[in-house]
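Here the structure is laid out as structure tokens; the discussion comes afterwards.
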Amino acid sequence: MNETKVEQMLRAAGACVIALGLLLVPVLFPSFLVYQFSLTLTYAIAILGLNLLMGFNGQISVAHGVFFAVGGYTTAIFMTRYGMNYLATLPFAAAMSGLLGFVIGVPALRWQGLPLAFITFGLAVLVPPVALKLEPITKGATGISLTKPAPPAWLPGDQDTFIYFVCLAGIAVCVLLAWRLMRGDTGRSLRAARDNGLIAESLGINLSKVRIMAFTTSAGFAGFGGGLFAIVNAYVSPESFQMTKSFDFLVASIVGGITSISGAFIGALFIVFLPDWSADMNIALSGLIYGGVMVGMMLVARDGVVGLLGTLTRAAIRRLLTAPRSGKSLSAQTDEQPDGRQYQT
Amino acid sequence: MTAPILQVHGLHAGYGSIRVLHGIDFHVDDGEIVALLGANGAGKTTILRALSGTIASRGQIMLDGKDVSALGTAARAQLGIAHIPQGRGTFVDFTVEENLALGAYLVRDKQSIRGALEYWFGIFPWLAERRDQPAGSLSGGEQQMLAVARALMAEPRILMCDEPSLGLAPAITQSLFALLEKLNKERGMAILLVEQNARLTLKIAHRAYVIESGEVRLTGGAVELRDNPLIQRAYLGI
Amino acid sequence: MQLFLQQIVEGLASGAIYASLALALVLIYRATRIVNFAQGEMATLSVYVTWQLNQWGVPFALSLLIVAALSFVFGAFTFRFMIRPVLGASDHTMVVICIGFFIGFEAIALWVWGADPRAFPRIFPDHVWIIGGVRLTANNLGILATLCVMTLALSALFRFTRIGLAMRASAAEREKSPLVGIPVETMLMFGWGLAATVGFVAAALIAPSLFLSPPMMVSVVIYALAAATLGGWDSPAGAIVGGLVVGVAESLCATFVGFIGNELKVGVPFALMAAILLVRPQGLFGTTAVIRV
């Protein structure tokens with residue numbers, strides 16, 4: 001049995017554990033925490049989108065809060081103005097954000113690297129003022145209140161639990177989609193475009209198409225998450241989408257591991273639970289911890305928590321498989337890419 | 001008998017996991033021009049980079065009898081190692097005058113800086129004429145002359161040149177080598193010269209080492225190496 | 001017409017502040033190829049220290065001078081202990097680290113001094129001149145004058161001094177500079193120190209009008225980023241021109257363009273940045289694009 005096999009099994013096992021854990025949340029935790037977990041899931045969807053863009057396609061974005069906001073507002077507006085069913089609004093939320101993503105993705109071709117970070121940062125800052133300005137539609141500072149969907153009679157559990165499962169279903173869809181995108185040809189094109197554009201082009205990959213598609217899809221994910229967020233939170237306002245949201249997503253993506261699906265969950269947990277937790281201790285502390293973690297991660301664990309776990313597990317596996325009696329270590333076949341990053345679920 | 005200016009024992013160096021030098025020994029005496037010859041990829045450039053501290057290395061590097069192998073590049077420059085790297089040894093975005101000023105960075109005495117400038121403007125009037133032009137606007141040969149001038153502003157103990165003739169027309173190469181020879185004869189400048197152009201180099205060098213695959217293959221006086229037909233064919237492509 | 005001129009004056013004054021911070025950003029970028037998003041937050045911390053010293057009885061002018069020097073040390077230390085270890089890392093890594101600093105430094109200010117805004121003493125007297133119907137405050141003129149003096153001083157440093165030359169060389173040719181004996185990392189440290197002082201000046205100039213609070217410089221940073229991008233990241237002159245242009249454009253658009261008004265004026269630097277990146281990515285005065293293929 002070689003290392004890769006063991007690693008794959010462990011990874012599958014890990015994914016199962018996570019999935020099981022997620023299913024059991026309503027059982028294990030009180031209502032308020034269930035609500036927070038729902039929030040976490042909506043963020044995780046946005047972060048997943050960000051991972052697609054940053055980790056897999058190498059384009060940096062500090063604007064995912066914007067796409068998230070667009071999705072959230074779309075859902076809110078469609079529900080209140082047009083009386084649409086909450087579930088039906090979600091595809092629209094994703095589509096609107098995706099459209100915005102497309103609109104940005106096109107000029108983004110010229111803005112690769114740092115300039116893209118600036119532009120997306122600028123966009124993120126613009127959200128609250130624009131939301132305020134478009135008062136007729138967005139109700140400005142008052143915000144839009146939504147009614148939480150009532151669970152159907154035949155489902156056990158309360159409203160929070162129901163909403164939680166809706167989010168869970170949502171993220172399951174997204175994870176599957178992301179997983180499919182990351183494997184196969186699309187994934188390869190994405191990564192090729194990221195690692196070496198010139199070579200990718202010579203291999204027949206249309207760089208522009210791939211990059212724009214990455215942006216659009218990534219934004220769509222965030223919009224979907226934003227729509228769910230609106231439902232979970234039952235309220236949207238400019239306050240919900242400050243520039244810090246975009247930073248939070250960026251932090252979460254890095255902390256979890258920007259090329260990792262499960263990393264999106266870990267990152268989301270980080271940005272939802274850490275502020276509450278450290279605010280209890282000291283209000284400035286969460287900022288310090290955030291900042292410290294970001295810097296620390298870059299110095300020590302560039303591939304985030306998941307990457308770190310991966311490295312440690314691999315080391316452990318190697319140690320275990322190089323048993324004294326066999327005497328020889330089995331060759332490692334890992335998915336090492338030129339920049340040393342690993343790809344994982 | 002005075003100690004050699006530069007003495008190297010067991011020099012090992014490489015790039016990452018690629019080992020290039022496998023234990024090089026050589027020395028340069030006061031007032032000598034020593035050539036390092038060999039084919040592309042033999043490790044000649046690596047030797048110079050290891051000596052100036054641009055890359056890490058293992059082994060003894062004695063400058064004027066003092067081991068400098070633990071020192072950084074700037075410290076070695078301070079002790080008198082002048083390295084003109086491969087390519088253009090000039091600061092291309094800076095003016096001619098700024099290049100010379102940079103070369104004189106370590107010199108505190110304004111008088112000697114002025115004196116050195118006068119010397120160089122004397123040998124190369126065009127340097128004075130173009131003092132405010134960016135070094136990158138000079139021709140290849142002019143840039144190499146400027147690089148030499150820059151390197152000598154700080155009155156180094158030894159001048160190390162990495163393939164100065166690279167990309168230069170034969171006539172310019174002749175002038176450049178004439179300059180090096182002049183510096184050696186008039187000022188007793190010790191020069192370590194890495195070159196692929198063996199014929200010209202052996203005309204001005206006193207001794208030479210032939211490097212192959214990161215090791216010293218052969219050494220001897222310039223004259224005997226030049227006249228040895230076997231060596232000519234095998235190593236020097238003459 | 002009067003209003004137009006008035007807005008230009010106001011725009012120039014705020015532009016001078018953007019220009020100062022942009023200058024700090026460009027200094028760091030030229031030296032180490034890093035965009036230090038946290039420059040504004042570091043400056044805010046320095047201004048807080050000034051405020052604190054003043055609170056403890058140190059004369060205001062002296063506090064400013066002391067902290068200007070301390071900022072230099074702060075910048076140098078930040079480079080030495082937190083940036084130098086990761087100098088070779090990728091763009092993404094650097095962006096994240098700087099964002100980390102951004103969040104962290106603001107948190108420190110929050111922790112020590114709390115979130116309540118504080119009044120910062122005026123640097124320039126309260127005088128107003130009225131010329132041709134246009135109000136010129138001593139503050140506006142003072143800010144512009146400070147920018148001029150600072151620019152001249154820095155130019156002189158870089159063009160006429162040995163250390164200025166060494167700093168420029170360390171930034172432009174990191175591998176060749178040690179060959180002439182220049183201690184490159186020390187020079188880079190100086191660059192960061194200098195940038196920190198320049199950033200401090202920017203923050204100190206704006207603090208009296210904005211009220212001192214932890215996120216004080218956040219919006220200024222956006223303008224400064226746009227200014228530097230507009231001017232060209234490898235051009236200090238560009239940073240200054242860029243800053244002034246951004247300031248004036250913002251002021252004019254806020255007053256004369258209806259739908260932008262005061263609420264959306266933060267969109268002006270953004271639009272300028274987006275435009276210049278499409279039309280001339282290296283900026284008005286820059287030579288190489290920040291973009292890497």
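Could you list, in sequence order, the residues of segment B:18-63 that are in a loop (DSSP other than H, G, I, E, B), surrounded by 16 or more Cβ atoms within 10 Å (Cβ to Cβ), at pLDDT 90 or above and small (Gly, Ala, Ser)?
B:GLY53
Would you please name the residue that is nearest to A:VAL127 (Cα to Cα), looking only at residues in segment A:31-84 that are within 14 Å of chain C (Cβ to nearest Cβ) and β-branched (Val, Ile, Thr)?
A:VAL66
Please go through segment A:109-166 and pick out each residue that is basic (Lys, Arg), away from every other protein chain (no Cβ under 14 Å) and surrounded by 17 or more Cβ atoms within 10 Å (Cβ to Cβ).
Within segment A:109-166, A:LYS139 is the sole residue that qualifies.
Quick check: is even one residue across segment A:99-106 within 14 Å of another protein chain (Cβ to nearest Cβ) and over 30 Å from A:CYS167 (Cβ atoms)?
yes
Spot the failing condition for C:SER209; the list is (1) modelled with pLDDT of 90 or more; (2) farther than 23 Å from C:ILE34 by Cβ; (3) not charged (D, E, K, R), and only one is missed.
Going through the list (1) modelled with pLDDT of 90 or more; (2) farther than 23 Å from C:ILE34 by Cβ; (3) not charged (D, E, K, R), C:SER209 breaks only (1).
Go through the residues of segment C:280-288 one by one and say whether even a single one is over 14 Å from the mean Cα position of the chain (by Cα), facing chain A (nearest Cβ under 10 Å) and at pLDDT 85 or above.
Looking for residues that are over 14 Å from the mean Cα position of the chain (by Cα), facing chain A (nearest Cβ under 10 Å) and at pLDDT 85 or above, one finds none in segment C:280-288, hence no.
C:ILE99 is checked against (1) assigned to a helix (DSSP H, G or I); (2) within 14 Å of chain A (Cβ to nearest Cβ); (3) in contact (Cβ under 8 Å) with a residue 40 or more places away in the chain; (4) under 30 Å from C:TRP56 (Cβ atoms) and fails just one. What number does that condition carry?
The number of the failed condition is (4).
On the basis of being under 30 Å from B:ILE158 (Cβ atoms) and either at pLDDT 90 or above or more than 18 Å from the chain's Cα centre (by Cα) (or both), does C:GLY193 make the cut?
no
Between a residue in segment C:166-183 that is more than 13 Å from B:ILE81 (Cα to Cα) and any residue that is modelled with pLDDT under 90 and aliphatic (A, V, I, L, M), which pairs come within a Cβ distance under 6 Å, given they are 6 or more apart or on different chains?
The qualifying pairs are C:ALA171/C:ALA31.
Return the total of residues in segment A:17-37 being in contact (Cβ under 8 Å) with a residue 60 or more places away in the chain and either outside any helix (DSSP H, G or I) or touching an Asp or Glu at 6+ places or on another chain (Cβ under 7 Å) (or both).
The number of residues fulfilling the criteria is 3.
Just to be sure I understand, how many residues within segment A:210-239 are more than 14 Å from A:HIS64 (Cβ to Cβ) and polar (S, T, N, Q)?
2
For residues in segment A:189-220 being more than 14 Å from chain C (Cβ to nearest Cβ) and loosely packed, with under 15 Cβ neighbours inside 10 Å, which is nearest to A:GLN59 (Cα to Cα)?
Residue satisfying both the conditions and the ranking: A:LYS209.
Of the conditions (1) under 30 Å from A:PHE249 (Cβ atoms); (2) in a helix (DSSP H, G or I); (3) in contact (Cβ under 8 Å) with a residue 60 or more places away in the chain, C:HIS92 satisfies every one except a single condition; which number is it?
Condition not satisfied by C:HIS92: (3).
Which condition does A:ILE271 not pass, out of (1) in contact with an Asp or Glu (Cβ under 6 Å, 6 or more places away or on another chain); (2) more than 13 Å from chain C (Cβ to nearest Cβ), if it passes all the others?
(2)
Considering only residues of segment C:134-171 that are touching a Phe, Trp or Tyr at 6+ places or on another chain (Cβ under 7 Å) and among the small types (Gly, Ala, Ser), which is nearest to B:ALA104 (Cα to Cα)?
Looking at the filtered set, the residue picked out is C:ALA166.
Output the residue which, of all residues in segment A:100-110 that are without any contact (Cβ under 8 Å) to a residue 24 or more places away in the chain and part of a helix (DSSP H, G or I), is nearest to A:ALA234 (Cα to Cα).
Among those that are without any contact (Cβ under 8 Å) to a residue 24 or more places away in the chain and part of a helix (DSSP H, G or I), it is A:VAL103.
Which condition number in (1) within 9 Å of another protein chain (Cβ to nearest Cβ); (2) surrounded by fewer than 24 Cβ atoms within 10 Å (Cβ to Cβ) is the one that C:THR255 fails?
The number of the failed condition is (1).
Within segment A:238-266, which residues are closer than 19 Å to A:ALA63 by Cβ and part of a loop (DSSP other than H, G, I, E, B)?
A:GLN242, A:ILE258, listed by residue number.
Filter segment C:164-180 down to residues that are in contact with a Leu (Cβ under 7 Å, 6 or more places away or on another chain) and surrounded by fewer than 24 Cβ atoms within 10 Å (Cβ to Cβ) and give me whichever is farthest from the other protein chains (Cβ to nearest Cβ).
Ranking the qualifying residues of segment C:164-180, first place goes to C:GLY164.
For segment C:50-63, which residues satisfy the criterion of being of a type outside the set (S, T, N, Q) and surrounded by fewer than 20 Cβ atoms within 10 Å (Cβ to Cβ)?
Across segment C:50-63, the qualifying residues are C:LEU53, C:TRP56, C:GLY57, C:VAL58, C:PRO59, C:PHE60, C:ALA61, C:LEU62.
Give B:ALA74, B:ALA39 a once-over and let me know the one that is over 30 Å from B:TRP126 (Cβ atoms) and within 11 Å of chain C (Cβ to nearest Cβ).
Matching residue, one of B:ALA74, B:ALA39: B:ALA74.
When you go through C:GLN52, C:GLN2, C:GLN39 one by one, which is the residue that is of a type in the set (S, T, N, Q), in contact with a Gly (Cβ under 9 Å, 6 or more places away or on another chain), within 30 Å of C:ASN140 (Cβ to Cβ) and more than 14 Å from chain A (Cβ to nearest Cβ)?
C:GLN2
Is at least one residue of segment B:98-119 of a type in the set (Phe, Trp, Tyr), more than 29 Å from B:TYR15 (Cβ to Cβ) and either more than 18 Å from the chain's Cα centre (by Cα) or away from chain C (no Cβ under 14 Å) (or both)?
yes
Of these, A:ALA93, A:ALA76, which one is touching a residue at least 40 places away in the same chain (Cβ under 8 Å), buried (at least 24 other Cβ atoms within 10 Å of the Cβ), in a helix (DSSP H, G or I) and in contact with a strand residue (DSSP E or B) (Cβ under 6 Å, 6 or more places away or on another chain)?
Answer to the check: A:ALA76.
So which of C:LEU205, C:LEU230, C:LEU212 ends up being within 13 Å of chain A (Cβ to nearest Cβ), in contact (Cβ under 8 Å) with a residue 24 or more places away in the chain and not aromatic (Phe, Trp, Tyr)?
C:LEU230
Tell me yes or no: at least one residue of segment B:128-136 is assigned to a strand (DSSP E or B), within 14 Å of chain C (Cβ to nearest Cβ) and surrounded by fewer than 18 Cβ atoms within 10 Å (Cβ to Cβ).
Taking every residue of segment B:128-136 in turn, at least one turns out to be assigned to a strand (DSSP E or B), within 14 Å of chain C (Cβ to nearest Cβ) and surrounded by fewer than 18 Cβ atoms within 10 Å (Cβ to Cβ).
The values are calculated or read from the model by the stated rules, or taken from the named source; none is laboratory data. Model, not experiment: these values are computed from the prediction. FYI the Cβ positions are ideal-geometry reconstructions off the backbone, even for glycines, and counts take in every protein chain you see.
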